[in-house]
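The next block holds one structure in the form of structure tokens; read it before the comments.
Where a number appears in this text, it was derived from the coordinates with a stated rule and is not lab data. Nothing here was measured: the structure is a model prediction, and the numbers come from that model. Counting neighbours? That spans all protein chains shown, and the Cβs are built from the backbone with ideal geometry, glycine included.
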């Protein structure tokens with residue numbers, strides 16, 4: 001696993017052995033960031049990374065100029081791995097939150113340019129994630145939610161769905177904020 005672009009390009013990440021995570025493949029990550037690079041500014045943005053795991057995607061955003069990234073994961077080993085990685089790389093704009101993502105989404109207040117979510121592929125009811133993100137006002141007026149999921153999951157009928165990109169078995173569904181959604 002490596003960083004595919006930006007100031008940390010080609011930096012290898014060596015997560016702890018026996019981790020319970022499925023990092024986004026370099027192939028899918030390259031495709032995703034190619035799309036993002038040509039559609040939204042990445043420098044100076046605020047990013048929320050849900051189910052952050054190793055921090056692979058968080059670090060990719062930071063490497064490409066994100067000002068602040070908040071990574072949420074409940075696994076202690078992965079949380080500590082992200083903290084060590086941030087310290088080694090001197091990434092002061094990288095914050096970690098050790099919490100259940102759904103508990104975090106129901107209580108957190110903040111607005112982000114990009115919210116990225118990579119839940120476990122076998123997780124039930126991942127369609128709740130866009131609703132929670134949108135209804136809790138976590139997307140800025142031009143914000144984007146990107147939900148990584150398996151090919152067997154179809155999210156096109158959900159409110160705010162804009163498009164889905166496919167890279168092998170990996171799908172990224174893009175969502176925008178809901179129009180006229182009252183902020184809590």
For peptides 76-85, 97-106, 113-122, sequence by mean Cβ density within 10 Å, most packed first: 113-122, 76-85, 97-106
Fraction of antiparallel bridges per DSSP, region 48-184 only, in percent to nearest 5: 45
222 nm mean residue ellipticity, helices alone, for the chain (DSSP H n ≥ 4; -39,500 (n - 2.57); rounded to 500): -8000 deg cm²/dmol
Viscosity 1.567 mPa s, 4 °C: Kirkwood-radius Stokes-Einstein D of region 56-132 over Cα pairs, µm²/s: 96
Value of Rg to Rh for the chain (Rh from inverse mean 1/r over Cα pairs, i.e. Kirkwood): 0.93
Alpha carbon centroid spacing (whole Å) that separates region 134-184 from region 70-111: 21
Label-reachable residues, region 79-115, where backbone N falls under 11 Å from a point 7 Å from residue 11's Cα toward its Cβ: 85-94
Protection proxy ranking of 26-33, 158-165, 129-136 - average other beta-carbon atoms within 10 Å, highest first: 129-136, 26-33, 158-165
Degrees, to the nearest 10: 76-89 long Cα axis against longest axis of the chain: 70
Residue 2-residue 43 pseudo-label distance in nm [points 7 Å out on the Cα-to-Cβ vector]: 2.5
Highest average packing first - 144-154, 6-16, Cβ atoms within 10 Å: 144-154, 6-16
Which of 63, 71 has the fewest Cβ neighbours within 10 Å, and the rest in rising order: 63, 71
Sequence-separation-based contact order of region 33-184, relative, with Cα cut under 8 Å and 6+ spacing, percent: 19
